[in-house]
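Written out below as structure tokens is the structure these notes cover.
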Amino acid sequence: MKKFDIPQFYRSSFITRIKNARKDLDPRKKDFSPTKLDFGPVRFLLARHFGFCYGVENAIEIAYKTIEENPDKRIFLLSEMIHNPGVNLDLQKLGVKFLMDTAGNHLIDWSELSKDDIVIIPAFGTTLEIEQKLNELGIDPYRYNTTCPFVEKVWNRSEQLGKQNYTVIIHGKHYHEETRATFSHSKTSAPSVIVRDINEAKILSSFILDEKPSEEFYNIFAGKYSEGFDVKKDLERVGVVNQTTMLATETQEIADLLKATMIKKYGNENLKDHFADTRDTLCYATNDNQEATYALLQEQADFAIVVGGYNSSNTSHIVELCEEKLPTYFISSEEKIISSTQIKHFEIHSHQEKVTNDFIPAKDKVDIILTSGASCPDTVVEAVLRKIHSFFPDAKEIEEVVGEVIK
């Protein structure tokens, strides 16, 4: 796989060495078991896969190269490069300005741009409408395009479904930049509708089976279906794609539900005429990170720490998985660890930070699960580990333990 030239301050002094050692031992990624760093009074269970993925490193490389090669030009990002506050802040410090927030609300009006300005498309991609607007301004939307190739893969799959007269069902968050971009592309070639989760998929199923009046569809899925969507006609043939950072298990559950719905309505012998047997469009990194999380959760631990941006979809899904088994603290950096007794962490259900006391149990040996999302630099994970390690004065030195693991 291609190696990217990203700033060294995003690289960890030892995590990359651990990842490379695991890769050498397991090049085909069959082993998802965690790396165990045993410091004596504290042990960290480090996920087999976490941190920057292909798409993120590609986006960062393009962004920093663009800044370096254009010192005299104004540089804008459509919105956040990736969902990591540290990376976005670094870019802002270098003079990059954001045109919009993550919801698509303008921070800078189009009228303030000129054809000489540079606009970087973030890793999530963007809508065809925004591409058209940039072209009208004389700005090439493809010259500094960091759209993840796995997002583009979803767009291509949607186009294929449309050519085969299928309606595209997008499993995603309708407000997320990537899903907005995917919806914009898919609706040009096929009727399209977004479902957030299995519950919304069940509602969609009830319309397919004529269990609900068609008119109700337009209220329930307001803002989530393409123009001119015909409930009776456009739900006769469907195929499922997804926002690449969703839970793979839920995407499969949605596809299985819709498949069963079509069998119930049209019979198994006619299934191919009504359901496209699409392969999951989840990206490899999201899938690897989720599988590594399942493996982590096979281990006994006192609590989990998940590091990443609070608006990161793939990170929040890792948090969801961990929360099902043990106390989980979602933090954006080591600064959220206030002391050995207090941690400030983000609750994904209330969307607020809270402070928890005595998060490290008083035990002779504490076991901690540690992982991060695909947009989190390894240096931040290292900083979290080092800070917690510092609370245990009798712990072995980090270099000594890392050396034992990768020898």
inquiry  = Which numbered condition in (1) loosely packed, with under 14 Cβ neighbours inside 10 Å; (2) among the charged types (D, E, K, R); (3) free of Cβ contacts under 8 Å to residues at least 40 places away in the same chain; (4) not in a helix (DSSP H, G or I) is the only one that LYS212 fails?
reply    = (1)
task = Please specify each residue of the stretch 147-170 satisfying the condition of being in contact with a Leu (Cβ under 9 Å, 6 or more places away or on another chain) and not hydrophobic (A, V, I, L, M, F, W, C).
result = THR167
request  = Determine whether the stretch 294-303 contains at least one residue that is open to solvent by less than 20 Å² (accessible area, probe 1.4 Å), closer than 26 Å to VAL56 by Cα and modelled with pLDDT under 95.
outcome  = no
task = With the condition kept exactly as written, say whether any residue in the stretch 256-268 is within 19 Å of the chain's Cα centre (by Cα) and buried (at least 20 other Cβ atoms within 10 Å of the Cβ).
result = no
query = Within the bounds of the stretch 28-35, is there any residue that is open to solvent by less than 30 Å² (accessible area, probe 1.4 Å), among the hydroxyl-bearing types (Ser, Thr, Tyr) and under 30 Å from ILE406 (Cα atoms)?
reply = yes
task = Find the strands (runs of 3 or more DSSP E) located wholly in the stretch 338-407 whose residues include 3 or more that are out of contact with any Gly (no Cβ under 9 Å at 6 or more places or on another chain), under 21 Å from LEU326 (Cα atoms) and among the β-branched types (Val, Ile, Thr), and list them.
result = 366-372
ask   = Which of (1) over 25 Å from SER332 (Cα atoms); (2) in contact with a strand residue (DSSP E or B) (Cβ under 6 Å, 6 or more places away or on another chain) is the odd one out, the single condition GLU129 does not satisfy?
value = (2)
ask   = Which members of the stretch 105-129 meet the condition of being closer than 21 Å to THR188 by Cβ and open to solvent by less than 30 Å² (accessible area, probe 1.4 Å)?
value = ILE121, PRO122, PHE124, GLY125, THR126, THR127
inquiry  = Looking at GLY86 and the list (1) in a helix (DSSP H, G or I); (2) of a type outside the set (S, T, N, Q); (3) open to solvent by 10 Å² or more (accessible area, probe 1.4 Å); (4) more than 18 Å from ASN311 (Cβ to Cβ), which single condition is not satisfied?
reply    = (4)
key: Filtered residue count, the stretch 306-343, keeping only those that are out of contact with any helix residue (DSSP H, G or I) (no Cβ under 6 Å at 6 or more places or on another chain), aliphatic (A, V, I, L, M) and open to solvent by less than 10 Å² (accessible area, probe 1.4 Å)   = 3
task = Could you check LEU204 against (1) in a helix (DSSP H, G or I); (2) under 19 Å from ASP277 (Cβ atoms); (3) open to solvent by 10 Å² or more (accessible area, probe 1.4 Å) and say which number it fails?
result = (3)
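The values are calculated or read from the model by the stated rules, or taken from the named source; none is laboratory data. In this text, all values refer to a predicted model and were calculated from it rather than measured experimentally. Don't worry about glycine lacking a Cβ; one is built from the backbone with ideal geometry, like all the others, and counts go over all protein chains shown. Accessible surface is based on the protein model in full, side chains and every heavy atom, while ligands, DNA and RNA are left aside. Shrake-Rupley method; radii C 1.70, N 1.55, O 1.52, S 1.80 Å.
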